[in-house]
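Undergrad: Pasting a structure here, questions to come.
The values are calculated or read from the model by the stated rules, or taken from the named source; none is laboratory data. None of these values were measured; they are calculated from a predicted model. So basically every Cβ, Gly included, is an ideal-geometry build from the backbone, and we count neighbours across all protein chains shown.
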Amino acid sequence: MIIIPIMLLSARTGTTSSLGRITIANDGTGTKSRGNYKYRIRGKDDRAIAEGRIEGFPRTRRLAVDLLARVLADARRG
């Protein structure tokens, strides 16, 4: 599972606060070269903002940041 915290670092006070998090999990239905993933984006109150699925991601040729970009694009469409 990949967990991406979303944090705000105040330029004025230097304090950090959590704005939410993104979790991405392999759902176990892909192949060795192509993975299927489910994701959930949660806000600072831990409420789900978006959920979805990425299918056929070329995990042996792409980086985790590419998977994150696909998640964000998919969530934006939904």
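Undergrad: Which residue, of R40, R77, is of a type in the set (K, R) and surrounded by fewer than 16 Cβ atoms within 10 Å (Cβ to Cβ)?
TA: Checking each option against the conditions leaves just R77.
Undergrad: Do any residues in segment 48-60 that are touching a residue at least 40 places away in the same chain (Cβ under 8 Å) have Cβ atoms under 7 Å from those of residues that are assigned to a strand (DSSP E or B), where the two are at least six apart or on different chains, and which pairs are they?
TA: Correct list of pairs: empty, since none qualify.
Undergrad: Now for a separate question. If you go through segment 16-26 one residue at a time, do you hit one that is part of a loop (DSSP other than H, G, I, E, B), modelled with pLDDT of 95 or more and either in contact with a strand residue (DSSP E or B) (Cβ under 7 Å, 6 or more places away or on another chain) or among the aliphatic types (A, V, I, L, M) (or both)?
TA: no
Undergrad: Within segment 7-21, is even one residue touching an Asp or Glu at 6+ places or on another chain (Cβ under 9 Å) and surrounded by 10 or more Cβ atoms within 10 Å (Cβ to Cβ)?
TA: Looking for residues that are touching an Asp or Glu at 6+ places or on another chain (Cβ under 9 Å) and surrounded by 10 or more Cβ atoms within 10 Å (Cβ to Cβ), one finds at least one in segment 7-21, hence yes.
Undergrad: Moving on. Could you list, in sequence order, the residues of segment 58-69 that are part of a helix (DSSP H, G or I) and either out of contact with any Lys or Arg (no Cβ under 9 Å at 6 or more places or on another chain) or surrounded by fewer than 14 Cβ atoms within 10 Å (Cβ to Cβ) (or both)?
TA: Within segment 58-69, A64, V65, D66, L68, A69 meet the criteria.
Undergrad: For segment 29-57, name all the residues that are touching a helix residue (DSSP H, G or I) at 6+ places or on another chain (Cβ under 8 Å) and part of a loop (DSSP other than H, G, I, E, B).
TA: Answer for segment 29-57, where residues must be touching a helix residue (DSSP H, G or I) at 6+ places or on another chain (Cβ under 8 Å) and part of a loop (DSSP other than H, G, I, E, B): there is none.
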